[in-house]
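Note sheet for the following structure.
The values are calculated or read from the model by the stated rules, or taken from the named source; none is laboratory data. Since this is a predicted model, take the numbers as computed values, not measurements. Please note: Cβ atoms are built from the backbone with ideal geometry, for glycine as well, and neighbour counts cover all protein chains shown. Quick note on the areas: whole protein, heavy atoms, side chains included, nothing else; ligands and nucleic acids left out. Shrake-Rupley method; radii C 1.70, N 1.55, O 1.52, S 1.80 Å.
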Protein chains: 2
Amino acid sequence: MNEAVQVIRKGRKFDQVVESARTLFMQHGFEGIGVDEIARKAGVSKATLYAYFPDKRHLFMEVARLECERQAERMEAEIDIERPVPEVLGAVGRAFIGIILSDFGRNMFRVCIGEGERFPELARQFYESGPMVMRAGMIEFLELGIARGELEIADVELAADQFPELCKAGVFLRLVTGVQTVFSGDEIDRVVDGAVETFMARFGANRG
Amino acid sequence: MNEAVQVIRKGRKFDQVVESARTLFMQHGFEGIGVDEIARKAGVSKATLYAYFPDKRHLFMEVARLECERQAERMEAEIDIERPVPEVLGAVGRAFIGIILSDFGRNMFRVCIGEGERFPELARQFYESGPMVMRAGMIEFLELGIARGELEIADVELAADQFPELCKAGVFLRLVTGVQTVFSGDEIDRVVDGAVETFMARFGANRG
DNA sequence: CCGAATATAAACTGATCAGTTCAGTTTCGG
DNA sequence: CCGAAACTGAACTGATCAGTTTATATTCGG
């Protein structure tokens with residue numbers, strides 16, 4: 001089944017390499033760092049690195065996949081979906097913005113989008129192990145909210161897409177274009193609270 | 001005042017170069033095409049090209065700036081802001097999605113974001129001549145809608161950021177990651193109409 | 001029709017960097 | 001303690017590509 005994993009993990013210094021790659025990729029992006037430096041920081045020879053991974057791209061993919069898993073787990077652990085819908089949405093929005101603003105998020109977007117044409121495999125894997133997972137979680141949660149009578153949604157998938165998009169309002173574009181790279185807590189609250197309010201105005205079940 | 005423009009435009013084959021660059025950049029992105037090919041397609045020698053532009057990046061910037069202007073003009077010409085707010089928003093949304101899905105839009109995002117760290121000048125200029133212009137237009141229009149009594153908005157800037165973001169729901173990310181590259185008219189209608197409905201649910205002045 | 005501005009072709013520089021090779025060393029299970 | 005697997009280091013290959021150079025040719029205003 002998972003032969004691929006076994007094929008890749010064959011040496012004792014595997015984790016050192018991944019950890020070094022994680023740090024450097026997240027800090028400098030894909031093109032911003034050379035394989036030599038990754039090997040050096042890992043305390044490993046370049047030849048060893050290439051014994052583990054067929055090329056730089058697959059090393060990056062592995063790092064990206066792990067990091068997405070990590071973020072997804074953290075998010076799941078932090079958020080209690082039993083709380084009222086607006087509260088949960090607020091928490092989700094703040095976590096989401098946090099990821100987007102992190103070195104990881106910024107560089108992941110940069111690489112996936114920038115490299116998308118030359119390296120479609122990565123962008124697709126990123127979508128599937130990042131945004132798609134979150135989308136599935138959103139759908140699940142929204143359906144719970146509907147069942148609880150807190151939400152009324154005809155097109156749940158569209159709603160699940162709209163919420164994260166709302167959270168990016170005025171942030172994402174300014175971030176990736178470098179127009180603004182630091183956002184205060186107040187700024188984040190403003191956009192997340194705005195997202196929750198807009199979302200609830202449309203989909204909240206107001207019977208009263 | 002515009003000495004810079006005069007300094008750049010000094011030969012008779014300038015337009016050929018820009019036009020060639022426009023076509024090829026929009027088709028292959030920034031890194032996807034070499035200067036040699038741009039010169040060849042322009043029917044111009046490489047040396048001539050470098051007589052016009054200090055480097056490849058500034059050539060790209062010029063193309064980007066012109067294309068943004070072009071899109072902004074087209075949008076302004078097509079849309080009649082005297083129509084009812086939801087109708088105007090629908091038209092804006094469809095035009096916006098159209099730009100995003102075009103070769104120009106896709107590659108512009110790709111390059112600005114991908115190249116952002118190494119070439120911040122471009123991303124900033126893009127933000128200013130593209131999204132920022134649209135944002136200003138949105139703000140103006142929303143204020144008109146408020147004055148007309150069709151809208152009620154406390155934070156106009158946030159609302160102006162939210163609408164385009166809503167229009168991207170489920171489209172933008174799938175596009176830039178290559179998960180889905182073609183979108184049907186029905187799909188576009190679904191997301192734009194959904195954006196208008198959500199927006200109006202929050203900001204529409206329903207006194208009835 | 002002259003001379004200054006502009007354009008050309010094509011070879012060249014120089015820098016970058018992923019990935020390879022190989023001869024030799026270390027590690028570790030059995 | 002042996003032999004196989006894993007690892008090392010450092011030089012090397014090979015490809016890409018932006019930008020330069022140079023000697024020559026074309027264009028065009030005055």
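At a threshold of 8 angstrom on Cα-Cα distance, excluding pairs fewer than six apart, so keeping six or more, what relative contact order does segment B:65-203 reach in percent?
Numbers: 87 pairs, mean separation 42.9, N = 139.
That works out to 31 percent.
With protein chains left intact and a 1.4 Å probe, residues in chain A average 48 Å² of accessible area per residue. Scanning chain A for the beta carbon that comes closest to the axis linking it by rotation to B yields A:GLY114, 1, distance in whole angstrom.
From other protein chains only, count the Cβ atoms within 10 Å of every residue's Cβ in B:28-34, then give the mean.
Per residue, the average neighbour count from other chains is 2.
Each copy carries a label point for B:ASP36 at 7 Å from Cα along the beta-carbon vector; from one copy to the others these points are 2.6 nm apart, nearest first.
Surface burial for B against A, with a 1.4 Å probe and both sides summed, reaches about 3800 Å² of accessible area.
Charge dipole of segment B:9-53 (Cα centre as origin; +1 on each Lys and Arg Cβ, -1 on each Asp and Glu Cβ, all else neutral): 280 debye, rounded to the nearest 20. Mean partner shielding of peptide B:116-126, defined as the number of other chain Cβ atoms within 10 Å of each residue Cβ, is 4.
FRET efficiency for B:ARG65 and A:ALA154, Cβ-Cβ distance as r, R0 = 41 Å, nearest 0.05?
Details: r = 42 Å, r/R0 = 1.02.
Working from the Cβ atoms, E equals 0.45.
Diffusion coefficient (Stokes-Einstein, Kirkwood radius over C-alpha pairs, 20 °C, 1.002 mPa s) for chain B: 114 µm²/s, rounded to a whole number. Take each residue of peptide A:158-164, count the partner chain Cβ atoms within 10 Å of its Cβ, and average: the result is 6.
Helices from chain A with mean Kyte-Doolittle at least -0.5 and a Cα length along the axis of 27 Å or more, per DSSP H: which? Helix filter hits for chain A: none. Placing a label point 7 Å from Cα along the Cα-to-Cβ axis, B:GLU121 is separated from the same position in the other copies by 3.6 nm, shortest listed first.
Ascending distances from the A:LYS13 label point to its copies in the other chains, with the point 7 Å along the Cα-to-beta-carbon line: 5.3 nm. The residues packed around A:LYS46, meaning those with a beta-carbon under 9 Å from its beta-carbon, carry a net charge of 0 if Lys and Arg are +1 and Asp and Glu are -1.
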